[in-house]
Every structure is written in C-alpha cells, then in structure tokens.
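Colleague: Could you have a look at this structure, given as structure tokens, before my questions?
Readers should treat all values here as calculations from the given coordinates under stated rules, not as data from a laboratory. Since the structure is predicted, the reported quantities are computational estimates derived from the model, not experimental observations. Counting neighbours? That spans all protein chains shown, and the Cβs are built from the backbone with ideal geometry, glycine included.
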Amino acid sequence: MFDKYAEHLQDSAIDNSRFDGFDRGDLGNDEPENIEIVIGRMRCWHGKVEIVEVSTLTGSDYYVRVNDRMVTELMDRDRAIRVGRWWVNGAAA
C-alpha cells in the first residue's frame with residue numbers, strides 16, 4: 001500500500017530546476033542607469049501628453065512626450081510642466 005501523504009508531497013513539490021543557473025548578479029550592477037517615471041499625464045486633441053522624469057545617479061531631468069514620442073530635450077521640472085501645458089492648450093501641430 002502506498003502513502004497518500006508522501007504521494008501528495010512528491011506531486012506538489014516546487015520544481016526548482018527553473019532557478020538552475022540563475023545569477024542574481026551584483027546589487028549595484030543590476031540597477032538601470034536611468035529610470036523613467038511619468039509624473040503628469042494629460043489628453044488633448046494632439047493625443048496623450050506626458051511629463052516624464054528621468055532619474056539618474058546625479059539627479060533628475062524631465063521631458064515632454066506626446067503620443068509616446070519625445071518632443072523636447074531634457075529640462076528642469078517647471079519648464080517641462082509649462083511645455084506640457086502648452087501642448088494641451090493648443091500648440092501648433
């Protein structure tokens with residue numbers, strides 16, 4: 001007679017083979033250099049207007065993206081907000 005509990009343990013054991021060869025790497029080396037975060041999202045007749053923050057090790061810069069396309073250079077936060085509002089308020093296409 002076989003043991004139902006042992007059979008259950010055998011059939012429900014986690015398959016650890018998916019972790020074979022998995023390298024977590026060094027903590028500092030796995031971090032991306034630039035992290036982009038959308039801090040503002042608006043809609044207008046141009047489409048989706050977003051203000052994006054780019055965080056680096058030295059600080060943060062911002063840019064405006066319209067319909068997933070970067071439409072400005074990197075700039076400070078206040079200027080990026082003004083440019084984003086300019087797009088929403090009727091910028092020329």
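Colleague: Considering each residue of segment 76-93, count those that are part of a helix (DSSP H, G or I) and of a type in the set (D, E), and give that number.
Modeller: Narrowing segment 76-93 to residues part of a helix (DSSP H, G or I): 77-88.
Of the ones still in play, those that are also of a type in the set (D, E) are 78.
Qualifying residue count for the region: 1.
Colleague: Collect the residues in segment 44-75 that are β-branched (V, I, T), in contact with a strand residue (DSSP E or B) (Cβ under 7 Å, 6 or more places away or on another chain) and in a strand (DSSP E or B), keeping them in residue-number order. Show your work before the answer.
Modeller: At the first step, the residues of segment 44-75 found to be β-branched (V, I, T) are 49, 51-52, 54, 56, 58, 64, 66, 71-72.
Narrowing further to those that are in contact with a strand residue (DSSP E or B) (Cβ under 7 Å, 6 or more places away or on another chain): 49, 51-52, 54, 64, 66, 71-72.
Within segment 44-75, V49, I51, V52, V54, V64, V66 qualify.
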